[in-house]
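The values are calculated or read from the model by the stated rules, or taken from the named source; none is laboratory data. Everything quoted here is computed from the prediction, not taken from an experiment. Reconstructed Cβ throughout: ideal geometry from the backbone, glycine too, with neighbour counts over all protein chains shown.
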Number of protein chains: 2
Amino acid sequence: MHSIRRQAASTLRQAKIRPFCAVVRAATPAAQRWATTQAGESGARTDTPKEKAPAPKQVKLTADSYPELKRDERFAKLTKEDVEHFKSICSAPVIEGLSTDASDDLEPHNADWMRKYRGTSQCVLKPKTTEEVSKILKYCNERSLAVVPQGGNTGLVGGSVPVFDEIVINLSNMSNIRSFDPVSGAFVCDAGVILEVADNYLAERNHIFPLDLGAKGSCHVGGNVATNAGGLRLLRYGSLHGTVLGLEVVLPDGTIMNNLNTLRKDNTGYDLKHLFIGAEGTIGIITGVSILCPQRSAAKNVAFFGVESYEKVQEAYIKAKEQLSEILSAFEFMDGAAHEIVTAHNDVRRPLADQHPFYIVIETSGSNKEHDDEKLGTFLEDLMEKEIVSDGVVAENETQASTIWGLREGISESLSKLGGTYKYDVSIPLKELYSMVTDTKTHLEKAGLVGEGSPVVDVVGYGHLGDGNLHLNIPVRYYDKSVEKALEPFVYEWLEKRSGSISAEHGLGVAKKPFLKYSKNEVMIRLMGQIKKLYDPKGIMNPYKYVPEA
Amino acid sequence: MHSIRRQAASTLRQAKIRPFCAVVRAATPAAQRWATTQAGESGARTDTPKEKAPAPKQVKLTADSYPELKRDERFAKLTKEDVEHFKSICSAPVIEGLSTDASDDLEPHNADWMRKYRGTSQCVLKPKTTEEVSKILKYCNERSLAVVPQGGNTGLVGGSVPVFDEIVINLSNMSNIRSFDPVSGAFVCDAGVILEVADNYLAERNHIFPLDLGAKGSCHVGGNVATNAGGLRLLRYGSLHGTVLGLEVVLPDGTIMNNLNTLRKDNTGYDLKHLFIGAEGTIGIITGVSILCPQRSAAKNVAFFGVESYEKVQEAYIKAKEQLSEILSAFEFMDGAAHEIVTAHNDVRRPLADQHPFYIVIETSGSNKEHDDEKLGTFLEDLMEKEIVSDGVVAENETQASTIWGLREGISESLSKLGGTYKYDVSIPLKELYSMVTDTKTHLEKAGLVGEGSPVVDVVGYGHLGDGNLHLNIPVRYYDKSVEKALEPFVYEWLEKRSGSISAEHGLGVAKKPFLKYSKNEVMIRLMGQIKKLYDPKGIMNPYKYVPEA
């Protein structure tokens, strides 16, 4: 990458990043069925702290963690007759605990991967067709049997496992790619297709799925849409509301809503599919997805910078928008504390010798490597000349690029090694984004909760700066009620004052439902309740979660 | 643009397009308050044919054109007391025909610019604030007075004028830009801000509005969102469902739904704003819009090609996606017949000497002129070498670029000079897009309706190829019932078989409502009716239009 070094060679030291054996990505066991990165960026606390509370053998029941939740007595209890009926309408085996000891088979569907939420469902159904989903829901609705739709079960807010005895409808048996049109880019698949499978299929056809996230090896396309997943490509390709062309959804009463449009433009009536994008399975089950997939970029660059202040991080972002413009595909940041933790805990050589208060990861993707290199080079020179960044390196190959990305993506796992972590995934107007970290730290310090002998190790921030999405993390030596009390509602009230969002990309589920009022006003919450009631009058779809019923 | 000529110079003749006085854009009277281009791309017939039916002085009443429409007797009739009440809650003068002769003032609000739809409203309100809109709707809902929201009144399907005596709520007095954040690109404004005003404001701040269309000098941002307008930038920046960040909407009962989010990511509940995008004012009135605006591109190129077949047009599009990729900002096409008509009627010098069955307009926008020129040059060489295009020119300056754009944008106006035109704005999977033109022509020829002495002059096609959006036009010497009978439902049935859309970007309004079933199945139509009923149980919002009530 010669062109980049041209004029700024004296100040910008070229990367000497070796292909470490222990890069962060590689440190994650390959067999792990969900990615730690996406995983760890959850809200509320995750990971069992080492010192005071050793990991229990079985995950605590959600009903015990949230004693305010009570089973809704409107719902019927599963009977052997129900199980027999399901067996008659499902072509795949029914996993059930009424007449057999199926606890080992039920467990992975009852508990989430974070070991934080667990229900007691005695029945898991894995329909193979949309018609089977329809028959199941029609029956459950008539019988008032509550259900929880389940994709890859990689969610972070307890949305994809039962709270009590809800029947699990798992979509993993619906995994066919239905069609792809390389001219328009319209890709249509079953909801149960794994994201990485979809992306690999598209890669062979020189396209990409417009969404990418750490959990891609396990998460389902349908689950991505149901949770309006954000991830790493949003900055460039926008949200799923812009890329999803059509959906096939089974409504609670069994009605199949076939809206699997493959057209880019269609102005014929209310665009109902958007209600189901991000609805977390509370008004229907998505069974098919049609989505517009962009051309795959031929060239990619990854760069890493040290920056002296958050003001300069913002300046760098403005410059990137101006100068990298159409080739900018990621603008991620982390603070010095996050960087210290990720490098200390992963035996990763620091790309930059000196310590800096902030670090930035920038990725470009374009169709012409030479042009991209030149744009990046000019941009780097400008940043150095104007002293917006203090130091920086550019990856010279795929391995170095992976290592840089590992520094960003590995933060969450590294934090977990410190003990427990209180985590918040929030959106904030850029100007005030980092103030949330400093204000929270000051607040906790005033409460005497930070430092040696105190529960809180530090307060760190990182995230998708280009999307205004901060991951606020508070690593603790041990969980302590005083920390929780100091954090909540402080964090939510702080966000409310700045019109921030209490959930940027992870949704509401069980975890955030009680805090919805901090991001949405009464009118909005009332209108949401109306929608829930309209589509799911009996309330059987993924109950106890998301938004209050009307 | 030297680089582009490099190797292909012998085959690719450089543009010699002079700055004609009579370029198509200039031929449109500057004072005309809506752009002919957008205007003419409507569905159904427009323009009064010269020979058999001279233009009437007054526009025919919609009630007379559509005798099947009857005034809904659920709605109250306007009284002097109502007018007095409106005067007490509106800070701007009330235009009313009960106690004054206000017909001249009412007429521009009762009739559409195409002179095709006309109602008989006796009251036009121009609220200045969201609170005033709220008070008006609350009162109208209680009194069961029907209303029609009105923006720039540049629509093409009769959606923005009353059908009978509905009260007009015109948003032109709500025209403040509320805020702009140059870091995130979030722009917030009143619904009545004119699109061009918004775009000019953003231009001064090095950003663009992510939507552009011919009517930009008159249309309102709120109207754009209410009709989910498509236009010229959709290929690059996507639909409004992807770019709109938040909305402020007044519901029929006067409730103000404040969802003016400026965050890029916010996963806190059903994303209700999408219901109002493209709802054509049938469930609420949009009073404020928050939208994500991209950085303005420093460089722009416009090229024009002659192509020998529709297959090659598609090949060129695939190549453009591959090679121009991130800088491709428009891919428009027209057939030979459309090109003949636009050049013949506008005294425009042909950019290419020979005639071709198809022509393409390609635009690139990027941050680096040199890079864009080189990409375009490589692309052109490839097209010529592989004989995908037969001939082509590239604009060397802004005037030439405008002239090329004029050839595309002037088609509609040129067609109108032939007499009348039957027009359809449709979406079709790309592979079969042009078959609609040839099949329709064959169909009309078989019916003996084409050629000298027959009503039909020709069947022509053009449009936003990159978006799969065809404008099918049938210019006629005079309107004849036999042509209408031959076209409908033929055109709609043809679309239905190919899962096309009967309205790509112009919406439903009065014109397309009866044909909705050709693009949406019974379930979808029933679900749409539910939404209408949920938000507007008395049906007062823009009645007789859009979708059937439940």
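Key figures
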{"item": "Selected residue (only one of A:E484, A:E493 is more than 9 Å from every other protein chain (Cβ to nearest Cβ) and under 18 Å from A:V157 (Cβ atoms))", "result": "A:E484"}
{"item": "Selection count where residues are surrounded by fewer than 24 Cβ atoms within 10 Å (Cβ to Cβ), in contact (Cβ under 8 Å) with a residue 60 or more places away in the chain and either more than 10 Å from chain A (Cβ to nearest Cβ) or in contact with a His (Cβ under 9 Å, 6 or more places away or on another chain) (or both), scope the range B:232-247", "result": "3"}
{"item": "Scope the range B:173-189; condition under 23 Å from B:A215 (Cβ atoms) and in contact with a Lys or Arg (Cβ under 6 Å, 6 or more places away or on another chain); matching residues", "result": "B:N173, B:V188, B:C189"}
{"item": "Residue count, the range A:338-369 (criterion: of a type in the set (G, A, S) and surrounded by fewer than 19 Cβ atoms within 10 Å (Cβ to Cβ))", "result": "2"}
{"item": "Residues within the range B:180-205 that are surrounded by fewer than 23 Cβ atoms within 10 Å (Cβ to Cβ), more than 14 Å from chain A (Cβ to nearest Cβ), of a type in the set (D, E, K, R) and not in a helix (DSSP H, G or I), tallied", "result": "1"}
{"item": "Evaluation of A:L508 against (1) in contact (Cβ under 8 Å) with a residue 60 or more places away in the chain; (2) within 19 Å of B:D266 (Cβ to Cβ); (3) out of contact with any Leu (no Cβ under 8 Å at 6 or more places or on another chain) (one fails), failing number", "result": "(3)"}
{"item": "Number of the condition not met by B:L275 [criteria: (1) surrounded by 23 or more Cβ atoms within 10 Å (Cβ to Cβ); (2) more than 10 Å from chain A (Cβ to nearest Cβ); (3) in contact (Cβ under 8 Å) with a residue 40 or more places away in the chain]", "result": "(2)"}
{"item": "Breaking point among (1) in contact with a Leu (Cβ under 6 Å, 6 or more places away or on another chain); (2) in contact (Cβ under 8 Å) with a residue 24 or more places away in the chain; (3) more than 11 Å from chain A (Cβ to nearest Cβ), for B:G223", "result": "(1)"}
{"item": "Selected residue (criterion: surrounded by the most Cβ atoms within 10 Å (Cβ to Cβ)) from residues of the range A:540-550 that are of a type in the set (A, V, I, L, M, F, W, C) and more than 9 Å from every other protein chain (Cβ to nearest Cβ)", "result": "A:M541"}
{"item": "Sole exception among (1) facing chain A (nearest Cβ under 9 Å); (2) surrounded by fewer than 23 Cβ atoms within 10 Å (Cβ to Cβ); (3) over 21 Å from B:T62 (Cβ atoms) for B:S501, by number", "result": "(2)"}
{"item": "The range A:150-195, residues that are among the hydrophobic types (A, V, I, L, M, F, W, C) and more than 30 Å from B:L433 (Cβ to Cβ)", "result": "A:L156, A:V157, A:V161, A:V163, A:F164, A:I167, A:V168, A:I169, A:L171, A:M174, A:I194, A:L195"}
{"item": "Residues of the range B:512-539 satisfying the condition of being in a helix (DSSP H, G or I) and either touching a His at 6+ places or on another chain (Cβ under 6 Å) or at the interface with chain A (Cβ under 7 Å from one of its Cβ atoms) (or both)", "result": "B:L516, B:V523, B:M524, B:L527, B:M528, B:Q530, B:I531, B:L534"}
{"item": "Failed condition for A:T282, given (1) β-branched (V, I, T); (2) within 14 Å of chain B (Cβ to nearest Cβ); (3) over 30 Å from A:A226 (Cβ atoms)", "result": "(3)"}
{"item": "Failed item in (1) acidic (D, E); (2) touching a strand residue (DSSP E or B) at 6+ places or on another chain (Cβ under 6 Å); (3) surrounded by fewer than 24 Cβ atoms within 10 Å (Cβ to Cβ), with B:D372 passing the rest", "result": "(3)"}
{"item": "Residue in the range A:225-247 that is under 20 Å from A:E132 (Cα atoms) and not hydrophobic (A, V, I, L, M, F, W, C) present", "result": "no"}
{"item": "Any pair with Cβ under 7 angstrom, 6 or more apart, that starts in the range A:60-82 at a residue that is surrounded by fewer than 14 Cβ atoms within 10 Å (Cβ to Cβ) and ends at one that is of a type in the set (G, A, S) and part of a loop (DSSP other than H, G, I, E, B)", "result": "A:R74/A:S144; A:R74/A:G539; A:K80/A:S99"}
{"item": "Leading residue by the ranking (nearest to the chain's Cα centre (by Cα)) among those in the range A:451-469 that are crowded, with 22+ Cβ neighbours inside 10 Å and more than 14 Å from chain B (Cβ to nearest Cβ)", "result": "A:Y462"}
{"item": "Residue within the range A:420-434 that is in the same structural domain as A:S499 (by TED's automatic domain parsing), in contact with a His (Cβ under 6 Å, 6 or more places away or on another chain) and within 16 Å of A:A338 (Cα to Cα) present", "result": "yes"}
{"item": "Residue that is modelled with the highest pLDDT, among those in the range A:506-526 that are in contact with a strand residue (DSSP E or B) (Cβ under 6 Å, 6 or more places away or on another chain) and surrounded by 23 or more Cβ atoms within 10 Å (Cβ to Cβ)", "result": "A:S519"}
{"item": "Residues of the range A:128-170 satisfying the condition of being assigned to a helix (DSSP H, G or I), over 24 Å from A:D72 (Cβ atoms) and touching a strand residue (DSSP E or B) at 6+ places or on another chain (Cβ under 6 Å)", "result": "A:T130"}
{"item": "Test set (1) among the hydrophobic types (A, V, I, L, M, F, W, C); (2) assigned to a loop (DSSP other than H, G, I, E, B); (3) within 13 Å of chain B (Cβ to nearest Cβ) - A:F209 fails condition number", "result": "(3)"}
{"item": "Residue list for the range B:478-493, filter: modelled with pLDDT of 90 or more and surrounded by 19 or more Cβ atoms within 10 Å (Cβ to Cβ)", "result": "B:V483, B:A486, B:L487, B:V491, B:Y492"}
{"item": "Evaluation of B:N173 against (1) surrounded by fewer than 18 Cβ atoms within 10 Å (Cβ to Cβ); (2) outside any loop (DSSP other than H, G, I, E, B); (3) more than 14 Å from chain A (Cβ to nearest Cβ) (one fails), failing number", "result": "(2)"}
{"item": "Test result for B:R264, out of contact with any helix residue (DSSP H, G or I) (no Cβ under 7 Å at 6 or more places or on another chain) and within 26 Å of A:A186 (Cα to Cα)", "result": "no"}
{"item": "The range A:323-374: number of residues that are farther than 30 Å from A:Q295 by Cβ and within 11 Å of chain B (Cβ to nearest Cβ)", "result": "0"}
{"item": "Residue within the range B:392-409 that is of a type in the set (S, T, Y), over 28 Å from A:L324 (Cβ atoms) and surrounded by fewer than 19 Cβ atoms within 10 Å (Cβ to Cβ) present", "result": "yes"}
{"item": "Within the range A:237-297, strands (runs of 3 or more DSSP E) holding 2 or more residues that are in contact with a Ser or Thr (Cβ under 8 Å, 6 or more places away or on another chain)", "result": "A:244-250, A:285-292"}
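So that you can scan it fast, the table gives a plain yes or no per residue for (1) in contact with a helix residue (DSSP H, G or I) (Cβ under 6 Å, 6 or more places away or on another chain); (2) in contact (Cβ under 8 Å) with a residue 60 or more places away in the chain:
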{"site": "A:S172", "(1), (2)": "no, no"}
{"site": "A:N176", "(1), (2)": "no, no"}
{"site": "A:V183", "(1), (2)": "yes, no"}
{"site": "A:P210", "(1), (2)": "yes, yes"}
